[in-house]
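Right, one structure below, let's go through it.
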């Protein structure tokens, strides 16, 4: 599965596979990243997203397939000659070198030695200003905060003027508040520098807020490629539907009977069957996002839900409630802090028909492609 | 009041402190007594060594033993040879072991496992078992009775490779990958990234090699016959005559021989402590 922009993509993987012994890390993966695009690789730990970065960087070699950088096959090109820069999760700063020397390192190696001292110094100063580190050039990494170290790692990547940046969960070592700030900084930086960026994360909020396109992965395969809106509103399968969106999508197993969905424990939902490719008697899974379920009686164009509250979770601005449809079936929905509910309360809720998701027994979405969400 | 009680609870009692001081004092006396005895012996004439009762503080102080070392024996040559050979072997081994350790720790190549196994096996073979073949090889190269015979064979000892490999393996792989992506070759990575980060380990390794070379006895005894090319360990053993033993002279020789090594250990003790605690605490 891949998306193809009109012109030659900056990065392209074509049927790339990689195994470590008996474990398959990547299974015939194909994807592209266009000029200046910010592409997020999103998925759980061990799904192969960091492996893709390492293959593109040249740190490892693929077992099958081709990696193309600016249209040229890069499988046999040394890492230093691929003209891509990588920001590691641990930043990989040289602890014995100052910030200045860390940033200047790519310009002083065998590959970068064609820069004269003055040019190299100017480049370092320019990049240090870009990441707001001009006053910290003489410090050692141990004297910097986590966010500052991350900016040094970014600066060291930028100073080489690569064709693409590869970022392997660069925010994962930061606390929540700093992560939010750095997310904004990265978005600004990408806008200013304008280079193709492949960004690996398991945090869907990062992916949704930063990416032009998201590549959702699981077990070494691409599950879906699309914009954040596409991936959220039209998930291609159960995995994407369950992984993207917090809290996770509610899933009810059942079958189709006429124009209705009947759950395993008897809950019945009207379905806009024109929107789905279904047959009578088909085993399916109905998906309902907690954020699409609202308190109150059903109205035209919605499906009614009712049950008793089995759990209430207070999260500050959000309150999440578990609604028991039956003994074995529960739905999670968002409640308003202004209208508190208690465990045991019987409540009515509704969900718009257009917000329903349906998946077949194998997990593939049954939504008709021509019908918008 | 409460703070004082808490402080007292955490500190040892006076009796415990007295006992600890006593034990430590006895240990110090036991450790240093032989050393002081050797110093005392080196400053006495041989005829007064066996006087009764024994005198710890020499009276008069006799410096003839020290003068005799340099005037009647080639002690200066022994000391110079030993220092030079130890320094050269240390320098060369740091380079060779460092490169080998980096390759084994951070590079992937066919036969790596076989090489490591072969090196491990060679460490297990004692020098005594290698003495004859080593002598035959050295003789066939025309190096018997030369200083090169004392420099070249120790370079092949792989023990240091494993020691340095452990230090290098502890470095994050990302540092190496990052340097490669930035255009550095493997020698450049070793020189600019790895060596500065394992410096304390290299100091410990260098001290260990120097001390081993300084105190080696068996191979120099076999490989070198010319006294002027000999090392200090063999030289001191030659001070012992067939029928008599000049303990004053030997004591003086031992003290002078021990001085350089003692100075080195004192200078680099910080690196020893740093390396021994490395990894003990979470960073």
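Quick note: the coordinates plus some simple rules give every number you see, no bench work behind them. No experiment lies behind these values; they were computed from the predicted model shown. Here the Cβ is made from the backbone with ideal geometry for all residues, glycine too, and neighbour counts use every protein chain on show.
Between residue B:228 and residue B:137, take the C-beta separation as r, use R0 = 25 Å, and let me know the FRET efficiency to the nearest 0.05.
Efficiency, rounded to the nearest 0.05: 0.55.
At 7 Å along Cα-to-Cβ for each site, give me the label-to-label distance between residue A:324 and residue B:148 in nm.
For the pair residue A:324/residue B:148, the computed spacing is 9.1 nm.
What are the radius of gyration and Dmax of the protein assembly as shown, computed over its Cα atoms and given in Å?
Cα-based Rg and Dmax for the protein assembly as shown come out at 37.1, 121 Å.
For region A:215-341, rounded, prolate or oblate, judged on the Cα gyration tensor with a ≥ b ≥ c (square roots of eigenvalues), a/c < 1.5 rounded, else prolate if a/b > b/c?
Cα axes put region A:215-341 in the oblate bin.
Considering only the protein assembly as shown, what is the antiparallel percent among its DSSP beta bridges, to the nearest 5?
Here the antiparallel bridges make up roughly 75 percent for the protein assembly as shown.
Ranked by Cβ crowding within 10 angstrom, fewest neighbours first, how are A:257, A:12, B:72, B:229 ordered?
In increasing order of surrounding Cβ atoms, one gets B:72, A:257, B:229, A:12.
Label residue B:171 and residue B:52 with points 7 Å out from Cα along Cα→Cβ: what is the distance between them in nm?
6.5 nm
Only Cα pairs within less than 10 Å get springs; with that Gaussian network setup on chain A, which residue of A:243, A:165, A:276 has the largest fluctuation?
Of A:243, A:165, A:276, the Gaussian network model singles out A:276 as fluctuating most.
With springs only between Cα atoms under 10 Å apart, run a GNM on chain A and tell me which of A:254, A:220, A:266 wobbles the most.
Result for chain A, Cα springs under 10 Å: A:266 fluctuates most.
Rounded, prolate or oblate: which fits chain B, taking a ≥ b ≥ c as square roots of the Cα gyration tensor eigenvalues, rounded meaning a/c under 1.5, else prolate when a/b beats b/c?
Note, shape of chain B comes out oblate.
Does anyone have the angle between helix A:117-130 and the longest principal axis of chain A? Alpha-carbon axes, 0 to 90°, nearest 10?
30 degrees
With each pseudo-label sitting 7 Å past Cα toward Cβ, what's the residue A:28-residue A:115 distance in nm, one decimal?
My value for the distance between the label points is 4.3 nm.
Please label the shape of region A:65-190 as rounded, prolate or oblate, based on the square roots a ≥ b ≥ c of the eigenvalues of the alpha-carbon gyration tensor (a/c under 1.5 means rounded; beyond that, a/b larger than b/c means prolate, else oblate).
Oblate, since a/c reaches 1.5 and b/c is not below a/b.
With 10 angstrom as the radius, rank B:174, A:181 by how many other C-beta atoms surround their C-beta, starting from the fewest.
A:181, B:174
Specify the angular offset, from 0 to 90 degrees and rounded to the nearest 10, of the alpha carbon long axis of helix A:99-108 from the longest principal axis of the alpha carbons in chain A.
Helix A:99-108 sits at roughly 70 degrees to that axis.
Hey, for a label at residue A:311 modelled as a point 7 Å past Cα toward Cβ, could you say which residues of region A:248-273 have their backbone N under 19 Å away?
Under cut-off, by backbone N: A:248-253.
Rank B:21, B:212, B:138 by mean-square fluctuation in a GNM of chain B with C-alpha springs under 10 angstrom and give only the top-ranked residue.
B:21
Helix A:146-158 against the longest principal axis of chain A: what's the angle in degrees, Cα atoms only, rounded to the nearest 10?
Roughly 60 degrees between the two axes.
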